[in-house]
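Working notes, beginning with the structure itself.
Since every read-out is calculated from the coordinates, none of them should be taken as a lab result. Everything quoted here is computed from the prediction, not taken from an experiment. Here the Cβ is made from the backbone with ideal geometry for all residues, glycine too, and neighbour counts use every protein chain on show.
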Amino acid sequence: MEMIQRPRRLRRSIGLRNLVQETRVNISDLIYPIFVVHGEGIKREIEALPGQYHCSVDVLLEEVKEVVELGIQSIILFGIPKEKDEYGSEAYSINGIVQQAIRAVKKHYPELVVMSDVCLCQYTDHGHCGLIKGDQILNDESLDVIANVALSHAMAGADVVAPSDMMDGRVAKIRQVLDKNNFSHISIVSYSVKYASVFYGPFRSAAGSSPQFGDRKTYQMNPANTKEALREAALDIEEGADILMVKPALAYLDIIYQLKETYQVPLAAYHVSGEYTMVKLAAREGLIDEEKAMVEILTSIKRAGADMILTYFAKDMAEWIRRNPQ
Ligand code: PBG
């Protein structure tokens, strides 16, 4: 028989396969999103996100204990306010739910990297990510408010602020306001490339943040565009972003790859609520193996070029990594 190439030689055993494995998800790559609510002793499972909870601050501390024990080093906090108004006032209130949560977590776990989502949509009664006038989402008028939200998080002790509003110029504005207030050491991870995606559905139901009119297409990106993604990323780097983010992840692996190839900054990918829930529900129906799907998906996001992954699977993945030394 003529000489044939035999790539299968290196797939013969688990040891050989591990030896030549090119990509691994590490526990330190994982960022765990947690939803915080007002009150005490609250741990309510979120219907749209099976296995995820609305936690009051006291329960959050128990949750964080578990997260830290698993070896996870970063979390991102999302707040559910008591009341919403036109301006999203609770988003920048010193005693807002996220601000309280950040203070409590940093007090008990000073080493944990605490990120905070900076946006207005959970806090405004109209559910948009900026201020509105009639049916218009105002850009420049929203920037001061958004920068104030970021500042209030930094004052509470956040290590990293993560603007997810997609207003033009918000990274520069946040950087300016943080620097002016002696927070030049606080990082910005910018949701630079955030698509107007259907995959945020379960999150919006979890956070009560669906827009009350229209949609988010005048500020979030068209899923069909690549060049625009590169441009958004370039602008955010110029404005002072320390880390870029692509969101969602799985339907945008090409975008993750291109950003990683093009820019020299750390890159995050958000494996969003809808991506998570699809796996959960398919598994619940017995149609897919949840754990294997999780590992395959998160590995592919890493392989595409993400340095870190925000995922509701963070705890499960950390457990899996512990059980499966690679
Ligand atoms: C707030 C925000 C959203 C998500 C993160 N921050 C929702 C949205 O933009 O509509 C989505 C996260 C997820 O789906 O898991 N703007």
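Just a few scattered comments:
- Electrostatic tally near Q264: other residues with Cβ closer than 15 Å to its Cβ, Lys and Arg +1, Asp and Glu -1, net -4.
- The spacing between region 155-218 and region 250-301, judged by their C-alpha centroids, is 21 Å.
- Over all other residues within a Cβ to Cβ distance under 15 Å of M294, the charged ones net out to +1, with Lys and Arg as +1 and Asp and Glu as -1.
- Exposure proxy order (Cβ contacts within 10 Å, fewest to most) of L267, L287: L287, L267
- By the rule of a C-alpha distance below 23 Å, with chain neighbours fewer than 8 residues away ignored, the lysines paired with K292 are K247, K280, K302, K315.
- Inter-label distance, nm, simple model (7 Å from Cα along the C-beta direction), Q326/A282: 1.9 nm
- Cβ crowding within 10 Å ranks S209, S89 as S89, S209, fewest other Cβ atoms first.
- Those GluC sites (Glu not before Pro) in region 235-326 that DSSP places in a loop and that have at most 15 other beta carbons within 10 Å: E285
- Reduced Cα scattering model of region 60-176, Debye log10 I(q)/I(0), q = 0.13, 0.15, 0.18 Å⁻¹: -0.49, -0.63, -0.85
- Relative exposure of S28, S142, S93, judged by other C-beta atoms within 10 Å (fewest first): S28, S93, S142
- Efficiency of FRET between I4 and Q136 - r from beta-carbon atoms, R0 45 angstrom, step 0.05: 0.10
- Nearest 10 degrees, 0 to 90: helix 273-284 Cα axis against the chain principal axis: 50 degrees
- Mean sequence separation of contacting Cα pairs (under 8 Å, at least six apart), scaled by the length of the chain, corresponds to a relative contact order of 18 percent.
- Mean separation of Cα pairs under 8 Å and 6 or more residues apart, divided by the residue count, gives region 117-236 a relative contact order of 29 percent.
- Value of Rg to Rh for the chain (Rh from inverse mean 1/r over Cα pairs, i.e. Kirkwood): 0.99
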